[in-house]
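See below for the structure under consideration.
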Amino acid sequence: MLAAARPLEHDRQADAVLCHQCRLPTAATALVEEISERILVIPRVSREPKDDGLVFFHSREISSFPAMDTTPAYPTLRIVSHPLIQHKLTILRDRGTPTKIFKELVDEIAMLMAYEATNDLALEAAPVDTPLERTVGQRVSGKKLTLVPILRAGLGMVEGIYRLVPGARVGHIGLYRNHDTLEPVDYYFKVPGDAAERDFFLLDPMLATGGSAVAAVSSLKRAGATRIRFLCLVAAPEGVRRLAGNHPDVTVYCAALDRALNDQGYIMPGLGDAGDRLFGTR
């Protein structure tokens with residue numbers, strides 16, 4: 001059971017009462033006095049004091065363990081709202097951010113997002129010899145991940161994720177959006193031949209109309225892929241709905257769900273043309 005979090009009085013008598021009520025080891029009283037913060041005591045079922053766990057909350061922290069942001073309106077969407085991602089995204093949006101910094105930020109945000117997007121990959125036991133003894137660790141099971149950037153802007157997300165998962169394969173899908181019809185035009189496709197056995201991360205900084213995303217996922221599925229996740233930096237509601245309508249089995253990870261598309265099909269407030277800003281062609 002969970003003992004309720006409450007402010008701690010600074011006198012020894014109150015601390016001793018709290019420790020007794022929560023079966024907190026007496027030796028921890030001094031630590032409680034020194035930290036002087038709210039404490040959530042999580043006893044084990046065994047009720048052995050030596051196994052009790054402490055979780056400390058500072059006064060401005062949310063005293064909960066929230067899941068990744070999502071909403072019933074967009075059941076396939078996962079918003080990665082980590083403070084570092086949101087901080088970097090704000091700089092990325094700034095029209096004054098130079099190309100060099102823009103590229104670095106896309107790289108960093110992609111890596112941080114991939115950390116969240118890989119949190120449920122299957123693991124298998126892996127024997128390992130440490131300098132002291134043989135033990136059993138864990139490693140990702142099955143085939144390696146395959147990163148598939150949608151050319152050209154998706155290239156900016158590859159290196160950051162590749163540093164996190166250096167064993168990943170990299171495929172490529174060449175698509176561009178016709179600026180008159182706003183529909184995708186396919187010109188290149190190359191992925192590993194054993195697609196059915198792999199997990200795919202489809203990469204594109206923007207999910208705008210959703211046309212390119214839908215076409216890219218369809219191409220992957222025709223090649224045999226069955227486990228696909230779409231990673232982008234910002235998304236528009238129109239694109240999220242379109243991708244979900246055509247491929248409800250594909251989870252979308254993004255750093256922000258923006259307001260809407262404008263008449264030219266650009267995300268608002270967005271961050272401009274990601275490809276142009278990445279490669280200095282704006």
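Annotations
- For the set TYR115, TYR266, TYR176, the ranking by accessible area, highest first and with no ligand, DNA or RNA atoms included, is TYR115, TYR176, TYR266 under a 1.4 Å probe.
- Segments 135-141, 89-95 sorted - mean Cβ within 10 Å per residue, highest first: 89-95, 135-141
- Here each label is just a point 7 Å from Cα along the line to Cβ, and for GLN264 and ASP249 those points are 3.8 nm apart.
- Under the Debye formula (equal points on every Cα, no solvent term), log10 I(q)/I(0) of the stretch 185-234 at q = 0.21 Å⁻¹: -0.74
- Using bins of 5 Å that start at zero, the share of Cα-Cα pairs per bin across the stretch 120-166 amounts to 5, 17, 16, 17, 15, 12, 8, 5, 3, 1, in whole %.
- Amide N proximity, the stretch 161-180 versus GLU197 label position 7 Å along Cα-to-Cβ, cut-off under 18 Å: 167-171
- Ranked by the mean number of other Cβ atoms within 10 Å of their residues, highest first, the peptides 167-175, 121-129, 210-218 fall in the order 210-218, 167-175, 121-129.
The values are calculated or read from the model by the stated rules, or taken from the named source; none is laboratory data. Because the structure is predicted, anything quoted here is derived from the model rather than measured. Heads up, the Cβs are rebuilt from the backbone with ideal geometry, glycines too, and the neighbour counts pull from every protein chain shown. Accessible surface areas use protein heavy atoms only, side chains included; no ligands, DNA or RNA. Shrake-Rupley method; radii C 1.70, N 1.55, O 1.52, S 1.80 Å.
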